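The values are calculated or read from the model by the stated rules, or taken from the named source; none is laboratory data. These numbers were taken from a predicted model, which means no experiment stands behind them. In this analysis, Cβ positions are derived from the backbone assuming ideal geometry, glycine residues included, and neighbour counts consider all displayed protein chains. To get the accessible areas, we keep the full protein, side chains included, count just its heavy atoms, and leave off ligands, DNA and RNA. Shrake-Rupley method; radii C 1.70, N 1.55, O 1.52, S 1.80 Å.
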Amino acid sequence: MEPEAQGSGTSLIKTVLWLVVLILIVGGLIIYGKKGGEEKEASKEPIKVGVMLPLTGDGAPYGEPARNVYLLATEEINTAGGVSGQPLELIIEDSKCNGKDATSAAQKLINIDKVQIILGGFCSSESIAATPVAAAAKVALFSPGSSSPDLTGISPYFFRNYPSDASQGKVLAEAAVAKGWKKVAFLQEQTDYALGVFKAFSARFTELGGTIIKEEVPSNTIDFRSVLSKLKTANADAFFLDPQTLPVAERVFKQMQDLKWKPVLMFNDVVGGAPETLATYKDLMEGALTAEFTADPNNPKFTKLLAEYKTKYGVDLLYASSYGPTEYDAVYLIKTGIEAVGNNGEKFAVWSRTVKDWEGASGKTTIGADGDRIGGHTLKIVKDGKAEVMK
Amino acid sequence: MEYLTHLAVLVGIYSILALSLNLVLGYAGIISVTHAAFFGLGAYTSAILTTVYDLNFFLAALCGVLVAAIISLFVGTVLSKFRGDFVALGSVGFNVIVWSVFLNVQELTRGPLGIPGIGRPNLEFGIWNYEFSSNVSFLVLSVIFVALVYFLCQFIEKSSFGRALKAIREDEEALQVFGYRTLHYKLAVFVIGAGLASIAGALFASYITFIDPSTFTINESIFLLSVVILGGLASNRGALIGALALVLLPEFLRFVGFPSDIAAQMRQVVYGVMLIVLMLYRPQGLVGEYKL
Amino acid sequence: MTSTILQTKHLFKHFDGVKAVDHLSVSFEKGKITSIIGPNGSGKSTLINLLTGLVPLDAGEVIIAHSLHFTRVKSHEVAGFGLTRTFQDVRLFEQLSVLDNILVVLTERGVFASLFETHGTLHLAQAEEVLKKMGLWEKRHSLAINLSYGQRKLLEIARVLAMTRSARTGRAADIIFFDEPFAGLFPEMRKVVVSVMKELRAEGRTQILVEHNMELIRELSDEVVVLDAGELLAQGVPNEVLAKREVIEAYLGE
Amino acid sequence: MDIVPQLIANSLIAGSIYAILTLGFNLTYSTAKFIDIGFGVETAIGGYSVFYLCKTLGLPLYFGIFLGLFCSGLVSFLAYRFIYKPLRARKASGTVLLIASLGVLTALQALVAILFTSQFQTLSGLIQANRVFELLGGTFTAVQLSIFCTVLILSVLLAFLLKGTLFGKAITAISDDEEVAKIVGINTERVMGEVFFISGMIGGLAGILIGFDTGIEPIMGLSWLLAAVVAAIVGGIGNLYGGLVGAYLLAFAENFGIWKISGEWKMAIAFGLLIIFLVWRPRGLFPR
């Protein structure tokens, strides 16, 4: 005998509540219906491309600048006449750098907005989770930023113009051995990109007889002083810094200066391609080894991107070295692809495998059969605050 | 329609989480901010067992329940020693420790790379083999699970055990004088809650086909807390309503015309303000009975 | 003194220096109403809290029915030995209904047993009988928190009555502590409580009453124990003890 | 081992930031008797207001810092006035207040992210030379030294405030027993409002110093708050000076834990310490 403890108050709340839930569902259906209907109007109607980006949570620092680059590129394309006459329209969804929200964003873009191409999965976790959803709906998933080795050959509908971490790690390992280094201290941020670089580097380096003293730090670490002091006492031949983002790298360099520790340095392309960081910590960086894959500074498209970004947003392009150019190229690649095979996911995915030496802000782009971007990293050495190609 | 079935599956998974947390928080009054850890234990155990050892989904989910139950027994015993707000703090501690294990024990969980390619559940009877690959079939499976969990929670609520839990919530010391070993009750409900949460974890892992530590942080536990509080404490219907509202809210906001850059952050503002307004004007949530 | 059912030996309890109960040895007769009186802060409530395990003993021993010796009383074991109590500052299960407040005391105590038991007709009958006796049956669906102060006091007594019926603890309660049950009650409610206590005495149950109202003490108690600053001042038949000079002094001397 | 002096220096620096935060946290806990999670967001508010005033608007540094402290104090006072006060008037439980303060943290944190994007910012550009000192093998910068001194100044100031002034006596009275304080005629609501204002300022000060030393981001609030809570419990929750000891103990445990175990388990070590203390000494080292 369930004692009905409260009087009429709860039944009023209950009716109001069921009303709210009803509206939610009906609202969803109406919007779903309205969006579906737009398809049949005249050809001047915009081509819709889905975008998945982490706009909140830990991934937000990458998502916001990426969105700015996408909007900048779209604006440029539309002022220059759009995609074979039709304007390009981006529908941006927040995928929060995790699997659950990535699948929700993908489902919404595919089923409500009926897009054929999704520009995104920025974090690898987003791309891995969204790929089966896109593949099932024959929609092409094109990521300018996911670098996890797990994505290599994951599905014919997935491809990326950001290189897998494997190539970078190998090049640097061979360079270290060439320098005769036997012991390397390694500081790795606990993210998929940084772990990928470490795995490639340590596989090759240990294969060639080297040993590694490794320390890992979670992404939200602010105080690196003790970890750095610990690596300092390892007195290895070189110190490899493997961060996910630039702010982490800058915090480490600042604290290395505080600790008066000036080892021989190596770092991944997140730092290697950041000219202003190389300049500010010039003396610390002298002779540091890095591998560069994008942005050789005198690439005309790259310099144009930097200038336009500064004028439009009044701020320097963040991650100018790594993600900026690949995001910019991605929008143009989509334009070229649609003009070649039309706004169809399946055809676009097949077309993507034929891209060869396509000139972009991030240099020559070639996509391999496994959906990865071919083209390794070029070894570079930092001379007087600038990264130059190692002879 | 795919989109709505997708949302329905998510609502189902979060309903199981909300129902199980409601048992612990709503009925027994234990402020557990570590529910996402058991959600994660279920997900990781079943993901590892299905991908590495190729175990059938239902068997792997059962193992997940066992793992979560054993660990929750230990966690529950430690938490029962704390009083008042320290229970919430202690549980935050456990959630951080379990998350660190997911992130650092890379031989087992592949750390930040997470576990991709988790298979969908399949049922085999002799020669007949059915795989829940399509979203709709998965929705049917999750609705069955939600129904089972809902009736288990109703069964508990109606039983003398449920009434004893509510009495513990009200005045544990007084209840002891009348002959109840309240520690056993709190452990029992904590283990049941953890077991059910791990079932949701197994479902989540095989539905999204990829898991990584970032889904099982304290923020997720705090989100689950607000689901149960919004829905209404000590009411199973409230837990369902809370899950429905807070899973659909972000999706609904996708359609509302917030400019895209602040849309995402606005959602966080809405959550924060909702928690404040609830505490000020309706601490027992939408349809709950128990006022915190 | 064969009929002693409950005895304490050199019970000692201090709260950071202040001696609440000072080497108290007292015994309570079976089937009798023994009143404990004494000025405020003389250790009356502390004694009850010690005997029901709410507050840990510092030293001394509690003996039940000559056989069970305790130097540490655990509150969840108390009911198993037939002890139950009301609380001075009414402690009900506030957001549970009046009926649930009674049923929780009647139903199974073990986790598994209680899981598979939804209260049967027997429990409802017992609950109805007890609530009707205390005049709370019409209020059975309202939450304890919504009752008036007097009704809340009556509900506490109803709960104790239910313990005398409930054998789920392995032993129906036959030693009942009343901690100022009459405080704040209207006269007709007092009559109800007095009649209940007399009924319980008729059933042979032992009752220990902490009370200030001398008129009620004279009417109800077979024996009186006088405490002062945690020590036993006097024990015996009411009018004999209350006439003693030092007892009056202890009361008026404050 | 030449690493030990450096570890000690690191622990003292980290311990000092924890100490400031724990002082602020304990101030509100000892009077209002609930765990104010909203206190965490004060660090971001303090840091970002100085960032906005000095870096974007280019106001002079000291003026910016003063305004920054005032802003974080004001936010904390408003949160008390419009959220915690009505709840306390209704005798709401500690849990209700805890969850309401969690709402304050989540909402304000997102507002800061809307105004300043989620990018990581640093204030170190605002000060000229950040000379590095070396003492017995441990190196630390001028900013870090100033953090250490701030703790000393702050503790002395608070000690004087609590012991020396009428306002301080009112605070001690409230933290002993609010009901008695009311009877004695202290306007507890007004004093409580001022306590929240001061605690907000302390939180803002910590945020500014963190901004100079390492940097600030909108979501920094929760992790710094949890560190302060662990330190407060280790030291004896509610006890201002116990909190100081707790803060340094936590910092030493974390930094030496990194040395002995490894960096990835830093958060697990901190919370392991919390649980050990909650089990064996819930009232902490110096119970109130």
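Among (1) surrounded by 21 or more Cβ atoms within 10 Å (Cβ to Cβ); (2) within 10 Å of another protein chain (Cβ to nearest Cβ); (3) under 24 Å from A:V252 (Cα atoms), where does D:A206 come up short? It fails just one condition, (2).
Filtering A:G345, A:G371 for residues that are open to solvent by less than 10 Å² (accessible area, probe 1.4 Å), of a type outside the set (S, T, Y) and on the phi < 0 side of the Ramachandran plot leaves a single hit, A:G345. Annotation: B:A174 fulfils all but one of (1) out of contact with any Lys or Arg (no Cβ under 7 Å at 6 or more places or on another chain); (2) in a helix (DSSP H, G or I); (3) surrounded by 20 or more Cβ atoms within 10 Å (Cβ to Cβ); the unmet one is (1). Is it the case, given these coordinates, that B:Y180 is hydroxyl-bearing (S, T, Y) and part of a strand (DSSP E or B)? For B:Y180, the condition - hydroxyl-bearing (S, T, Y) and part of a strand (DSSP E or B) - is not met.
Meeting the requirement of 1 or more residues that are within 18 Å of the chain's Cα centre (by Cα), the helices (runs of 4 or more DSSP H) wholly within region B:34-127 are B:35-51, B:57-79, B:86-104. Residues that are open to solvent by less than 10 Å² (accessible area, probe 1.4 Å), touching a strand residue (DSSP E or B) at 6+ places or on another chain (Cβ under 8 Å) and in a helix (DSSP H, G or I) within region A:176-207 comprise A:A176, A:A194, A:L195, A:V197, A:F201, A:F205, listed in sequence order. Might you let me know whether region B:128-144 holds any residue that is open to solvent by less than 50 Å² (accessible area, probe 1.4 Å), within 14 Å of chain D (Cβ to nearest Cβ) and not aromatic (F, W, Y)? Among the residues of region B:128-144, not one is open to solvent by less than 50 Å² (accessible area, probe 1.4 Å), within 14 Å of chain D (Cβ to nearest Cβ) and not aromatic (F, W, Y), which makes the answer no. Being in a helix (DSSP H, G or I), hydrophobic (A, V, I, L, M, F, W, C) and open to solvent by 60 Å² or more (accessible area, probe 1.4 Å) is the filter here, so list the residues in region D:48-64 that pass it. Within region D:48-64, just D:F63 meets the criteria. Residues in region A:364-391 that are more than 15 Å from A:A288 (Cβ to Cβ), of a type outside the set (V, I, T) and at pLDDT 80 or above: A:K364, A:G368, A:A369, A:D370, A:G371, A:D372, A:R373. Only residues that are of a type in the set (G, A, S) and part of a strand (DSSP E or B) were counted across region A:157-175, and they come to 0. Residues in region A:96-143 that are at pLDDT 90 or above, part of a loop (DSSP other than H, G, I, E, B) and open to solvent by less than 10 Å² (accessible area, probe 1.4 Å): A:V115, A:V139.
Just one residue in the set C:L124, C:L51, C:L68 is out of contact with any helix residue (DSSP H, G or I) (no Cβ under 6 Å at 6 or more places or on another chain) and surrounded by 23 or more Cβ atoms within 10 Å (Cβ to Cβ); that residue is C:L51. Considering the conditions (1) under 18 Å from the mean Cα position of the chain (by Cα); (2) open to solvent by 60 Å² or more (accessible area, probe 1.4 Å), C:A162 is excluded by exactly one of them, (2).
Within the option set B:V101, B:V75, being among the β-branched types (V, I, T), touching a Ser or Thr at 6+ places or on another chain (Cβ under 9 Å) and open to solvent by 20 Å² or more (accessible area, probe 1.4 Å) holds for one residue only, B:V101. In this structure, A:S147 does not qualify as over 20 Å from A:L241 (Cα atoms) and either assigned to a strand (DSSP E or B) or small (G, A, S) (or both).
Conditions tested, residue by residue: (1) more than 28 Å from A:K301 (Cα to Cα); (2) touching a strand residue (DSSP E or B) at 6+ places or on another chain (Cβ under 6 Å); (3) assigned by TED's automatic domain parsing to the domain that holds A:V341.
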position: A:P65; (1), (2), (3): no, no, yes
position: A:T74; (1), (2), (3): no, yes, yes
position: A:L88; (1), (2), (3): no, yes, yes
position: A:E93; (1), (2), (3): no, yes, yes
position: A:N98; (1), (2), (3): yes, no, yes
position: A:N111; (1), (2), (3): yes, no, yes
position: A:I117; (1), (2), (3): no, yes, yes
position: A:G120; (1), (2), (3): no, yes, yes
position: A:S127; (1), (2), (3): no, yes, yes
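Considering only region A:48-95, state which residues are assigned to a helix (DSSP H, G or I) and within 14 Å of chain D (Cβ to nearest Cβ). The answer is A:G57, A:D58, A:G59, A:A60, A:P61, A:Y62, A:G63, A:E64, A:P65, A:A66, A:R67, A:N68. Only one entry in D:G103, D:G94 is in contact with a Lys or Arg (Cβ under 9 Å, 6 or more places away or on another chain), at the interface with another protein chain (Cβ under 7 Å from one of its Cβ atoms) and among the small types (G, A, S), namely D:G94. B:R267 passes every criterion in (1) crowded, with 23+ Cβ neighbours inside 10 Å; (2) facing another protein chain (nearest Cβ under 9 Å) apart from (1). Sort out which residues of region D:220-260 are farther than 18 Å from D:I20 by Cβ, at the interface with another protein chain (Cβ under 10 Å from one of its Cβ atoms) and aliphatic (A, V, I, L, M), and write them in order of number. Once the filter is applied, which keeps residues that are farther than 18 Å from D:I20 by Cβ, at the interface with another protein chain (Cβ under 10 Å from one of its Cβ atoms) and aliphatic (A, V, I, L, M), region D:220-260 yields only D:I258. If you check C:E254 against the conditions, is it of a type in the set (D, E, K, R), modelled with pLDDT under 85 and closer than 29 Å to C:S195 by Cα? No: the conditions fail for C:E254. The conditions of being more than 9 Å from every other protein chain (Cβ to nearest Cβ) and surrounded by fewer than 23 Cβ atoms within 10 Å (Cβ to Cβ) are not met by A:P247. The set of residues in region B:215-240 that are open to solvent by 10 Å² or more (accessible area, probe 1.4 Å) and either in contact with a Cys (Cβ under 7 Å, 6 or more places away or on another chain) or of a type in the set (K, R) (or both) contains only B:R237.
Which one is most open to solvent (accessible area, probe 1.4 Å), of the residues in region D:65-99 that are free of Cβ contacts under 8 Å to residues at least 24 places away in the same chain and within 20 Å of the chain's Cα centre (by Cα)? Out of the qualifying residues, it is D:F66. How many residues, within region C:129-144, are surrounded by fewer than 19 Cβ atoms within 10 Å (Cβ to Cβ) and either under 22 Å from the mean Cα position of the chain (by Cα) or within 8 Å of chain B (Cβ to nearest Cβ) (or both)? Residues meeting the conditions: 4. Tallying residues that are surrounded by fewer than 16 Cβ atoms within 10 Å (Cβ to Cβ) and of a type in the set (V, I, T) within region C:5-21 yields 1.
In region D:209-219, the qualifying residues are those that are assigned to a helix (DSSP H, G or I) and more than 8 Å from every other protein chain (Cβ to nearest Cβ), and the one that is nearest to the chain's Cα centre (by Cα) is D:L209. Among the residues of region A:222-235, is any of a type in the set (F, W, Y), within 14 Å of chain D (Cβ to nearest Cβ), surrounded by 23 or more Cβ atoms within 10 Å (Cβ to Cβ) and more than 30 Å from A:V331 (Cβ to Cβ)? Yes - at least one qualifying residue is present in region A:222-235.
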